[in-house]
Amino acid sequence: MFCALAMAAWAESYTPMWTPGTVISVLVWSVNEYGYVIPNATIRVTTEAYRDSNVHAAAYHTAPAPASKFGTTSTGPWVNATNLNTGPTGQRYVYLKAGQRDISGSTIDIRRSVGQAEKFMVCAPLGCDYFDYAVGYPGIHYVEEKPNVWLHIGALPQHFNDNVYTHWMQSHAANGVYRAASRFLFKYPQQGSIRVNDMALPFGGLFDVRGTWDPANGGHWNHGRGLSVDIRGNGKEGSISQANGSAAQYEFVQLCIEEGAITTTTKVEFPGTDNQHIHCEWPPL
């Protein structure tokens with residue numbers, strides 16, 4: 001009987017979640033039934049994502065879900081699976097690069113990084129071992145509805161049709177939009193509560209509203225770090241008014257900026273369409 005073991009040798013303090021682009025060294029080997037390490041053993045190393053994790057509903061997403069890659073050196077090249085020889089000592093390091101995705105050489109496209117739970121697995125001929133980890137951004141918290149200020153909208157089957165899963169932000173960004181909304185409603189009490197759409201998912205990462213894992217086509221990649229929020233502005237219930245050339249919406253944009261939002265990315269998006277909305281985005285701390 002043979003079994004495979006994977007043991008982490010962390011270059012930093014252990015954490016169950018790594019931000020995209022983090023490189024983690026992992027020591028792997030194969031042992032026999034007596035527990036002795038086998039020199040020159042052939043092992044297979046793979047990574048894969050857990051379906052449904054971080055509320056990416058598997059039934060509404062293309063498969064397989066993209067997962068982190070690893071390499072035999074700390075600079076790549078990076079792959080999802082390969083067979084390795086453990087060499088004369090029977091042990092070798094591989095390097096897990098948390099966060100997927102379209103990796104070329106040693107670069108990584110952060111826009112494609114999917115927040116999710118994943119598995120790193122090592123298999124010998126008659127046995128496997130693995131450890132679980134997550135990819136995402138720490139410090140993202142659930143943002144509650146505040147009926148006198150805002151109500152949540154935007155639940156999609158891609159995220160289990162529940163607004164609880166799509167309204168997460170970092171605290172300073174959530175406080176910023178709350179202050180902007182409160183100031184706006186103080187000036188325009190007739191508005192009533194506004195409607196807030198997508199913020200971020202619990203782990204952050206690619207939001208993926210169309211289920212295709214494509215950041216350029218509904219991936220909502222700029223909501224990946226819990227720093228962004230969309231405010232309804234398409235004329236439906238709770239929208240900020242489009243009257244006078246959407247002047248009120250541009251005023252809300254300015255309030256977000258005064259509360260610390262990024263000047264260049266905080267704006268009215270898709271004007272004149274059914275998807276018109278205000279996008280407010282804060283810088284990381």
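The values are calculated or read from the model by the stated rules, or taken from the named source; none is laboratory data. Only a predicted model underlies this, so the values are computations on that prediction, with no experimental measurement involved. Cβ atoms come from the backbone with ideal geometry, glycine included; neighbour counts cover every protein chain shown.
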* To do: Please specify each residue of the range 43-95 satisfying the condition of being part of a strand (DSSP E or B) and touching a Pro at 6+ places or on another chain (Cβ under 8 Å).
  => Glu48, Ala49, Gly71
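Quick one: would you say Pro202 is touching a residue at least 12 places away in the same chain (Cβ under 8 Å), surrounded by fewer than 16 Cβ atoms within 10 Å (Cβ to Cβ) and either touching a Pro at 6+ places or on another chain (Cβ under 6 Å) or more than 22 Å from Tyr188 (Cα to Cα) (or both)? Talk me through it step by step, then tell me what you get.
Working: touching a residue at least 12 places away in the same chain (Cβ under 8 Å): yes; surrounded by fewer than 16 Cβ atoms within 10 Å (Cβ to Cβ): no; either touching a Pro at 6+ places or on another chain (Cβ under 6 Å) or more than 22 Å from Tyr188 (Cα to Cα) (or both): yes.
When the stated conditions are applied, Pro202 does not pass them.
In this structure, is Phe207 in the same structural domain as Gly224 (by TED's automatic domain parsing), under 28 Å from Glu251 (Cα atoms), at pLDDT below 95 and surrounded by 16 or more Cβ atoms within 10 Å (Cβ to Cβ)? Reasoning before the result, please.
Working: in the same structural domain as Gly224 (by TED's automatic domain parsing): yes; under 28 Å from Glu251 (Cα atoms): yes; at pLDDT below 95: yes; surrounded by 16 or more Cβ atoms within 10 Å (Cβ to Cβ): yes.
Taking the combined requirement at face value, the residue satisfies it.
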* **Candidate set: the range 128-158, residues that are in a loop (DSSP other than H, G, I, E, B), of a type in the set (Gly, Ala, Ser) and in contact (Cβ under 8 Å) with a residue 40 or more places away in the chain; chosen: the one farthest from Ile43 (Cα to Cα)** => Gly154
* Please enumerate the residues belonging to the range 187-208 that are part of a loop (DSSP other than H, G, I, E, B) and within 24 Å of Lys146 (Cα to Cα). => Tyr188, Gly192, Ser193, Asn197, Asp198, Met199, Ala200, Leu201, Pro202, Phe203, Gly204, Phe207
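Can you spot a residue in the range 241-253 that is in a loop (DSSP other than H, G, I, E, B), modelled with pLDDT of 95 or more and touching a strand residue (DSSP E or B) at 6+ places or on another chain (Cβ under 7 Å)? So that I can check it myself, show each step before the final result.
Step one: of the range 241-253, the residues in a loop (DSSP other than H, G, I, E, B) are 241-242.
Filter once more, so that each one left must be modelled with pLDDT of 95 or more: none.
Looking for residues that are in a loop (DSSP other than H, G, I, E, B), modelled with pLDDT of 95 or more and touching a strand residue (DSSP E or B) at 6+ places or on another chain (Cβ under 7 Å), one finds none in the range 241-253, hence no.
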* Residues satisfying the stated conditions in the range 28-56, i.e. more than 20 Å from Ala67 (Cα to Cα) and not aromatic (Phe, Trp, Tyr) -> Ser30, Val31, Asn32, Glu33, Gly35, Val37, Ile38, Pro39, Asn40, Ala41, Thr42
